[in-house]
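Only one structure is covered here, and it is reproduced in the block below.
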Amino acid sequence: MRKTGTVITQSWLTADGAAEVMAALAAQGGTARFVGGCVRDALAGRAVRDVDIATDQRPETVVALLKAANLKAIPTGIEHGTVTAVAHGRPFEVTTLRVDVETDGRRALVAFTDDWAEDAQRRDFTMNALYCDPDGTVYDPVEGVDDLEARHVRFIGDPYRRIEEDALRILRFFRFHAWYGEGAMNAQGLIACRDRHGDLDRLSVERVRAEMLRLLEAPSPVSTLRIMAEAGVLRQVLPESGALRCLERLVDMGEGDALLRLASLTSRRADVLTGLAGRWKLSTREKVRLRCMAAGEADVPADLSDNEARAQVYWLGPDRFRDLVLLAWAADGEDRRHLAALAERWSAPRFPLKGADLLGQGIPAGERVGALLRTLERQWVEEGFEPSGAELLARIQDID
Ligand code: ATP
Ligand code: MG
């Protein structure tokens, strides 16, 4: 396989268990190389996150080699050739070189091979088919380094065929463009994505959601999303999406949170957000958060007084309040930085009364205790959290 003459000299090649896993895989004369994102990111000068490994050893052998080296081996996707090695508590995905023999647009029937060039062919984009030896020597079988440097995301092989094999590659094409691309997108790839956007319906929501959220987290995803909208791709996976202006503002504000960015693409109607959260099978926590981003949840005009802002923070909690402030700012463009800062800086005092305090005043146990507490709490908040417990208790007689 084509060596580039480039050698990566970074600590992740050996750190945190990487050296042990690579040594274990090569112990019986086999070859193991780092592959994909880690090599790409190292060459692009970006932080390397998860480290994936490719090997010419069969999955059962991979398990045996890891065990022989006293490393943990989890058969994550062993029928597709993937075993997770754990060293120093850190996981490494080890995948046997393979060719995708048959695909139904989602899942592949695979055959293992010992040909590195064949393994490269089944990967999605040229910049994702880069390999490197444990010593950092880089292999570039499909000219991914040139594309990476030109910031050009290019399908390996015919885009139509590659999309037919796995429609998720449509979204990955845009996701990688948003993160690694610059200038015009690859024309052939873009045309194929536009023509085949209907194929996205065949994908599981989990895969779509994961790709879309990663895309939304890109430093500046707006221009990519605009192209996706023009190509009919955005509507296909996110029919709730409308104008991109709010997102554009969120990005300018330096706000990178994916859920906020997602909400900003929609009308922020409560039913729309609830529907989206359900369809994408978000976690309960995320569902609640997204639903609370509805435009009518709280009124947070730019000229909200500090006192009113503190009241909102008290009732909504700082996180929900901050979400609403940022979305309102993104919606009308009026700076609300002071409100967002207040949410972070100010922590709400504790309401000084409990039910027992009212019982102590001779109020009989029952519904009235709760109602009185709520009334007093509201007064306490409206009066800037100032009245003391004793002052509040003195008001009981005046409340019906
Ligand atoms: P990152 O993890 O930073 O998103 P990555 O390149 O590691 O980037 P993964 O989704 O972790 O992306 O996939 C690892 C590698 O597997 C990719 O680099 C690519 O070579 C290959 N790959 C992943 N998904 C696909 C796919 N749908 N079709 C073809 N190849 C794929
Ligand atoms: Mg990865």
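The values are calculated or read from the model by the stated rules, or taken from the named source; none is laboratory data. Note that this is a predicted model, so its numbers are computed, not measured. When we count neighbours, we look across all protein chains shown, and the Cβ atoms used for this are built from the backbone with ideal geometry, even at glycine. Each accessible area value is taken on the protein alone, full model and side chains, heavy atoms only, with ligands, DNA and RNA left out. Shrake-Rupley method; radii C 1.70, N 1.55, O 1.52, S 1.80 Å.
Would you mind classifying segment 83-175 by shape? Square roots of the alpha carbon gyration tensor eigenvalues, ordered a ≥ b ≥ c; an a/c under 1.5 is rounded, otherwise it is prolate if a/b is larger than b/c and oblate if not. Before the final figure, lay out the partial values.
On the way: a/c = 1.60, a/b = 1.16, b/c = 1.38.
Oblate shape, in that a/c is at least 1.5 and b/c is the bigger or equal ratio.
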- Message: Placing unit charges on C-beta atoms (Lys and Arg positive, Asp and Glu negative, everything else neutral), compute the dipole magnitude of the chain about its Cα centre in debye, rounded to 20.
- Response: 500 debye
- Pairwise label distance in nanometres, residue 58 with residue 397, each label 7 Å out on the Cα-Cβ vector: 9.1 nm
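At 222 nm, what helix-only mean residue ellipticity would the chain give, in deg cm²/dmol to the nearest 500, using -39500 (n - 2.57) for each DSSP H run of four or more? Could the numbers behind the result be given before it?
Values: 21 runs with 187 residues, N = 400.
The per-residue figure over the chain is -13000 deg cm²/dmol.
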- Distant-in-sequence amide H partners of residue 31 (H built 1.01 Å from N, under 5 Å): 56, 57
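Count neighbours as other Cβ atoms within 10 Å of each site's Cβ, and list the trypsin sites (Lys or Arg not before Pro) in segment 347-391 that are DSSP loop with at most 11 such neighbours. List each step's numbers first, then the result.
Values: sites: 350, 354, 368, 374, 378; in loops: 350, 354.
For trypsin sites (Lys or Arg not before Pro) across segment 347-391 that sit outside H, G, I, E and B with at most 11 neighbouring Cβ atoms in 10 Å, the list reads 350.
Starting from the Kirkwood Rh over alpha-carbon pairs, what translational D in µm² s⁻¹ does segment 154-239 have by Stokes-Einstein at 10 °C and 1.306 mPa s?
Numbers: Rh = 12.6 Å.
D = 126 µm²/s.
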- Message: Tell me whether segment 286-356 comes out rounded, prolate or oblate; compute the Cα gyration tensor, take square roots of the eigenvalues as a ≥ b ≥ c, and use a/c under 1.5 as the rounded threshold.
- Response: oblate
- What full-extension length gain, to one decimal in nm, is calculated for residue 90 and residue 223 as 0.36 nm per residue of separation minus the Cα-Cα distance? 44.3 nm
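Which value, in debye to the nearest 20, describes the size of the charge dipole of segment 154-239 about its Cα centre when Lys and Arg Cβ atoms bear +1, Asp and Glu Cβ atoms bear -1, and nothing else is charged?
80 debye
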- Message: So if I take the centroid of the Cα atoms in segment 109-170 and the same for segment 284-324, what is the distance between those two points in Å?
- Response: 45 Å
- Item | Built amide H within the under 5 Å cut-off of residue 196, gap 5+ | none
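What is the calculated FRET efficiency for residue 207 to residue 375, with r their C-beta to C-beta distance and R₀ = 60 Å, to the nearest 0.05? All intermediate terms of the calculation are to be shown ahead of the outcome.
Details: r = 50 Å, r/R0 = 0.84.
Efficiency computed from Cβ-Cβ geometry: 0.75.
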- Query: What distance in nm separates the simple spin-label points at residue 307 and residue 245, each placed 7 Å from Cα in the Cβ direction?
  - Reply: 3.5 nm
- Using a basic spin-label model with each label point 7 Å from the Cα along Cα→Cβ, how many nm lie between residue 44 and residue 117? 2.7 nm
- J(HN,Hα) series, segment 69-79, from Karplus relation 6.51 cos²θ - 1.76 cosθ + 1.60, nearest Hz, glycine and proline x: 9, 6, 10, 7, 10, 10, x, 3, x, 4, 5
- Message: Once R0 is set to 30 Å, what does the formula 1/(1 + (r/R0)^6) return for the Cβ-Cβ distance between residue 9 and residue 70, expressed as a FRET efficiency to the nearest 0.05?
- Response: 0.60
- Task: Enter the accessible area of residue 306 (Å², nearest 10), with the probe set to 1.4 Å and all protein chains included.
- Result: 80 Å²
- Full extension between residue 338 and residue 158 adds, at 0.36 nm per residue less the Cα distance, a length in nm of 59.6 nm
